[in-house]
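Chemist: Input: one structure, supplied below.
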Amino acid sequence: MGTVGPNSPPRSTRVGQFIDVRRLLVGLDLYYGWFVVASCFLGGLLIYGLLYSFSVFFGHLVTAFGMSHANTSLIFSLQSVMMYVGAAVFGFTIDRYDVRRLFALGSVLIVGGLFGTSIFSSFIGVLVCYGIAVGTGFSIVMVIAYVTPVFWFERRRGVATGIATAGAGVGMMAMPPFARLLIAALGWQRAYFALALLVSVALAVATVLIADRPERLGIDASAEFVTTADDRSYPSAREQLRDVRSVVLSPSFAVFFLAFLGSYLVPLSLTVNFVEFARSVDIGAQAGVFAISVIGATNTIGKFVTGYLADRLDTTHVLAGNAVVIGVLTVPITQIHDAGVVLAMSALFGFGYAGLGALMTPVMADLFGAENLNGLFGVASVSSAFAGALGPYLANLSFDLYGTYIPVFLGMALISVLSAGLFLLARQWAATGVRG
């Protein structure tokens with residue numbers, strides 16, 4: 001796969017020209033950036049729909065493998081590490097190679113991993129296919145889906161990224177109950193096979209639509225950007241690594257990294273264990289599945305609200321507010337064991353969770369600049385790898401030892417509230433140029 005410059009015209013073949021519907025869509029009286037947003041929306045829907053459907057499969061995997069909750073949760077932990085650490089690696093690669101080809105590669109890994117999961121009956125087989133292959137595919141598609149809209153929008157960046165990342169909420173809302181129905185009808189392995197078939201079609205559509213920058217398709221984006229493509233410079237790989245290293249080693253980025261790690265602990269730990277948590281407090285597994293869907297629904301709405309607010313208020317303050325909401329609402333969710341209360345609080349929780357995904361790239365663009373944003377996004381995503389690896393494992397270890405998730409969830413809630421202060425500190429240090 002050869003490298004291409006950001007302004008290079010896409011390579012074409014007869015087959016490529018035949019399926020490249022982008023040429024037709026560019027001619028419509030609609031800015032093509034919105035089709036890119038649609039592609040990113042679909043990518044996020046599939047990634048996070050599958051990610052949070054693990055909560056529905058989790059109990060079946062514990063039974064199938066005869067392992068403890070903590071050890072079985074290592075499947076999700078490994079997937080989180082591959083997803084978010086992989087994002088750091090592919091964040092740099094995406095700046096060097098054609099986004100469409102990389103999106104296709106990620107799609108192949110996801111679909112292939114799902115098919116493999118449906119075939120292998122051993123813990124190691126599922127760990128490799130679902131943890132490594134699917135997780136790596138997630139990392140590629142996630143970086144593209146979350147970062148690409150920034151290169152298509154400036155004036156309406158908050159709304160565009162809000163819509164693109166809202167796919168995650170729709171996936172959370174729709175796929176867990178759908179997966180539960182598939183498991184009931186087919187069993188857990190055949191359910192993964194059915195999901196692989198459906199996901200392959202959806203990712204094919206998203207791959208056709210994706211494009212990295214307006215200038216690659218010869219689109220005039222002057223109405224959206226203050227700066228023109230000619231004004232924007234694209235550094236070499238060595239210059240990019242140097243610039244990213246300079247930002248990553250700054251105190252403001254370190255604090256930003258810790259803030260994201262702390263604020264993601266509760267969402268990743270609670271949602272992946274919601275079904276088992278609901279069983280443990282006697283409100284029923286169905287309530288747990290429904291709670292995930294409710295979080296997904298309000299997360300979707302919250303993405304649009306967050307995008308609207310971010311275009312009018314300080315993005316870092318909005319993000320910090322979301323971290324506080326997540327931490328505070330975890331208390332009634334874990335302490336009041338009534339299905340109605342849990343669902344109501346979960347609905348509000350979804351609004352808070354919405355801002356973490358929607359505002360990550362806009363806040364980084366504000367604090368550290370939009371240049372090298374793919375690479376910075378990837379490095380910052382490693383914070384989620386730590387949260388996804390440690391949080392669910394510690395929560396399930398608590399359940400194995402003490403029969404409850406609650407103490408760990410409450411501790412993570414406190415960390416989320418404290419993380420809000422770290423976001424504000426990162427903003428202050430970035431503005432004043434504090435150096436270590």
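Chemist: Can VAL324 be described as under 16 Å from TYR264 (Cβ atoms) and touching a residue at least 40 places away in the same chain (Cβ under 8 Å)?
Modeler: yes
Chemist: Looking at the structure I just gave you, is VAL341 more than 16 Å from GLY262 (Cα to Cα), crowded, with 24+ Cβ neighbours inside 10 Å, out of contact with any strand residue (DSSP E or B) (no Cβ under 9 Å at 6 or more places or on another chain) and among the aliphatic types (A, V, I, L, M)?
Modeler: no
Chemist: Could you tell me which residue of the stretch 158-192 is modelled with the lowest pLDDT, considering only residues that are over 30 Å from LEU61 (Cα atoms) and surrounded by fewer than 24 Cβ atoms within 10 Å (Cβ to Cβ)? Before the answer, list the steps.
Modeler: First, the residues of the stretch 158-192 that are over 30 Å from LEU61 (Cα atoms): 158-164.
Retained after the next criterion (residues that are surrounded by fewer than 24 Cβ atoms within 10 Å (Cβ to Cβ)): 158-159, 163.
Numbers: GLY158: 72, VAL159: 79, ILE163: 83.
The residue in question is GLY158.
Chemist: Another question, then. Within the stretch 359-374, is even one residue buried (at least 21 other Cβ atoms within 10 Å of the Cβ) and of a type in the set (D, E, K, R)?
Modeler: No: zero hits.
Chemist: Still on this structure: Taking the condition of being part of a helix (DSSP H, G or I) and under 23 Å from the mean Cα position of the chain (by Cα), how many residues in the stretch 194-228 meet it?
Modeler: Summing the residues that are part of a helix (DSSP H, G or I) and under 23 Å from the mean Cα position of the chain (by Cα) in the stretch 194-228 gives 16.
Chemist: Given the criteria farther than 15 Å from ASP212 by Cβ, assigned to a helix (DSSP H, G or I), in contact with an Asp or Glu (Cβ under 8 Å, 6 or more places away or on another chain) and not hydroxyl-bearing (Ser, Thr, Tyr), does VAL159 qualify? Give the steps one after another, and end with the answer.
Modeler: Numbers: farther than 15 Å from ASP212 by Cβ: yes; assigned to a helix (DSSP H, G or I): yes; in contact with an Asp or Glu (Cβ under 8 Å, 6 or more places away or on another chain): yes; not hydroxyl-bearing (Ser, Thr, Tyr): yes.
Considered against the rule, which asks whether it is farther than 15 Å from ASP212 by Cβ, assigned to a helix (DSSP H, G or I), in contact with an Asp or Glu (Cβ under 8 Å, 6 or more places away or on another chain) and not hydroxyl-bearing (Ser, Thr, Tyr), VAL159 comes out as yes.
Chemist: Right, something else. Just for the stretch 132-150: of the residues that are surrounded by fewer than 24 Cβ atoms within 10 Å (Cβ to Cβ) and in contact with a Gly (Cβ under 9 Å, 6 or more places away or on another chain), which one is nearest to GLY375 (Cα to Cα)?
Modeler: Within the stretch 132-150, the match that is nearest to GLY375 (Cα to Cα) is THR136.
Chemist: Something else: Within the stretch 120-127, can one find any residue that is surrounded by fewer than 22 Cβ atoms within 10 Å (Cβ to Cβ), in contact with a Cys (Cβ under 8 Å, 6 or more places away or on another chain), farther than 29 Å from LYS303 by Cα and not hydrophobic (A, V, I, L, M, F, W, C)?
Modeler: no
Chemist: Another question, if that's okay. Does the stretch 274-297 contain at least one residue that is under 16 Å from the mean Cα position of the chain (by Cα) and closer than 21 Å to LEU422 by Cα?
Modeler: Within the stretch 274-297 (the criterion being under 16 Å from the mean Cα position of the chain (by Cα) and closer than 21 Å to LEU422 by Cα), the answer is no, since none of the residues qualifies.
Chemist: Here is a further query. Take the stretch 387-436 and flag every residue that is closer than 13 Å to SER280 by Cβ, among the small types (Gly, Ala, Ser) and not in a helix (DSSP H, G or I).
Modeler: GLY403
Chemist: Scan the stretch 229-256 for residues that are at pLDDT 70 or above, surrounded by 17 or more Cβ atoms within 10 Å (Cβ to Cβ) and assigned to a loop (DSSP other than H, G, I, E, B) and jot them down.
Modeler: Matches in the stretch 229-256: SER250 only.
Chemist: In the stretch 106-115, what residues are closer than 12 Å to TYR192 by Cβ and touching a Phe, Trp or Tyr at 6+ places or on another chain (Cβ under 8 Å)?
Modeler: ILE110, GLY113, LEU114, PHE115 - these are the residues of the stretch 106-115 that are closer than 12 Å to TYR192 by Cβ and touching a Phe, Trp or Tyr at 6+ places or on another chain (Cβ under 8 Å).
Chemist: I need the full set of residues from the stretch 381-423 which are buried (at least 23 other Cβ atoms within 10 Å of the Cβ), within 23 Å of GLY158 (Cβ to Cβ) and in contact with a Phe, Trp or Tyr (Cβ under 6 Å, 6 or more places away or on another chain), in order please.
Modeler: Listed by number, the residues that qualify are SER381, SER384.
Chemist: Please give the helices (runs of 4 or more DSSP H) falling wholly within the stretch 1-107 in which 3 or more residues are of a type outside the set (A, V, I, L, M, F, W, C) and modelled with pLDDT under 75.
Modeler: Ranges flagged: 14-19.
The values are calculated or read from the model by the stated rules, or taken from the named source; none is laboratory data. Since the structure is predicted, the reported quantities are computational estimates derived from the model, not experimental observations. We place every Cβ from the backbone using ideal geometry, glycine too, and count neighbours over all the protein chains shown.
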